[in-house]
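Single-structure report; data block below.
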Amino acid sequence: MQKLSVVLATRNEEQNIERCLMSIKEIADEIIIFDEHSTDKTVSIAKKFGAKVFDTDHEEIFHITKQKAIDKAKGEWILQLDADEVVTPSLATEIQKILVMNDTEILNRKPLNSNDERLFEKHLKLLQMRGEFKSSTSAEVVAFFVPRINMFLGHPLIHGGVYPDGVVRLIKKGKAHLPAKSVHEQMVVDGQIAWLFSPLEHWDSPTIYRYLSRLNRYTDLHAHELSQAKLSNSFFSLFRYTCVKPAQTFIDRYFAHRGYKDGLYGFLWAVFSAWHFPIAYFKFATNKHI
């Protein structure tokens with residue numbers, strides 16, 4: 001079996017890091033962590049799992065720090081995780097099987113649920129349309145999308161356009177990198193990409209406070225992008241970002257993607273997702289993101 005490096009970028013993740021590392025301790029040949037001057041117990045917890053921890057400066061685009069961890073890894077394959085992600089037992093088993101398969105065996109695999117295959121294909125086309133994902137036409141399989149189940153206030157979101165929320169996480173060393181230009185970007189992959197079928201759990205919003213903290217950070221970044229794009233500070237822009245985009249987002253999340261099937265949590269998710277646009281716009285218009 002080829003060696004597997006698990007890499008993370010962290011900053012004050014004591015609430016998440018142990019749960020994450022517990023989920024990969026049996027499959028990781030090495031754990032590499034680049035930590036942005038954490039002031040809590042993140043580093044001491046990580047070292048209990050045998051992680052190699054490197055102290056580094058804080059970056060506004062966190063993908064810069066993630067790429068540092070990727071570059072440091074020595075394994076033939078690299079599993080890049082966020083501290084608030086958990087590798088499910090089924091995913092851990094699937095990764096171990098993948099590491100001994102050839103390309104033909106990998107590409108001939110099919111998910112047990114045919115609906116998942118449809119969702120995976122749709123998700124990939126959406127990312128390509130948005131320009132968030134690029135790969136080459138090389139025949140070699142060098143990376144894998146992993147579906148994520150987002151845990152919102154302690155409950156899984158299965159509808160509302162959230163699942164499969166595919167992210168490139170398992171990559172062959174030297175065959176993929178993060179451009180580090182935007183928080184929303186995917187890996188640029190030099191080769192063919194396939195899917196893993198078992199999910200990651202993403203515990204990004206266990207509480208309202210945690211969600212609002214992340215919302216504040218992401219709207220800061222979005223506001224900066226609007227500024228870089230020189231968006232006009234006009235009535236049209238105001239109307240678009242405070243009325244049109246929020247309404248479209250809520251309708252898309254709650255009705256078109258059947259977020260109502262997730263009950264109260266689906267409704268809250270749709271509302272909070274809609275709020276992102278006016279908050280980002282007002283930060284841009286008042287220069288409060290700087």
Taking every DSSP beta bridge with both residues inside the chain, roughly what % is antiparallel (nearest 5)?
40
Candidates Met129, Met22, Met187; GNM for the chain (alpha-carbon contacts under 10 Å) flags as most fluctuating Met129
Under the rule rounded for a/c under 1.5, else prolate if a/b exceeds b/c, else oblate, using alpha carbon gyration tensor axes a ≥ b ≥ c, the range 207-286 is classed as oblate
With the cut-off at 18 Å, report for the range 20-84 the share of all Cα pairs above it, as a whole percent.
33
Could you name the aspartates and glutamates in cross-link range of Lys97, using Cα to Cα under 12 Å and dropping any fewer than eight places away on the same chain?
Glu105
Given Cα pairs under 8 Å that are at least 6 residues apart, what percent is the relative contact order of the range 1-85?
46
Dividing the helical contributions, -39500 (n - 2.57) per DSSP H run of n ≥ 4, by the residues of the chain yields a 222 nm value, nearest 500 deg cm²/dmol, of -12000 deg cm²/dmol
How long is the gain from Leu107 to Arg19 if the chain were fully straight, where each residue apart is worth 0.36 nm and the alpha carbon distance is subtracted?
28.5 nm
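Explain nothing, just the number: relative contact order of the chain, from Cα pairs under 8 Å at least 6 residues apart, as a whole percent.
Reported relative contact order: 18 percent.
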So which of Lys3/Lys173; Lys47/Lys173; Lys74/Lys172 end up more than 18 Å apart, counting from Cα to Cα?
Lys47/Lys173
At q = 0.10 Å⁻¹, work out log10 I(q)/I(0) for the chain with the Debye formula, treating every Cα as an identical point scatterer and leaving solvent out; two decimals please.
-0.57
With a 32 Å threshold on alpha-carbon distance, the violating pairs from Lys52/Lys175; Lys72/Lys283; Lys66/Lys125; Lys66/Lys230; Lys72/Lys261; Lys52/Lys245 are Lys72/Lys283; Lys72/Lys261; Lys52/Lys245
For a quick check, take a GNM of the chain with Cα springs below 10 Å and name the residue from Ala180, Ala229, Ala143 with the largest mean-square fluctuation.
Ala229
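Throughout, read-outs are computed from the coordinates displayed, never taken from laboratory work. These numbers were taken from a predicted model, which means no experiment stands behind them.
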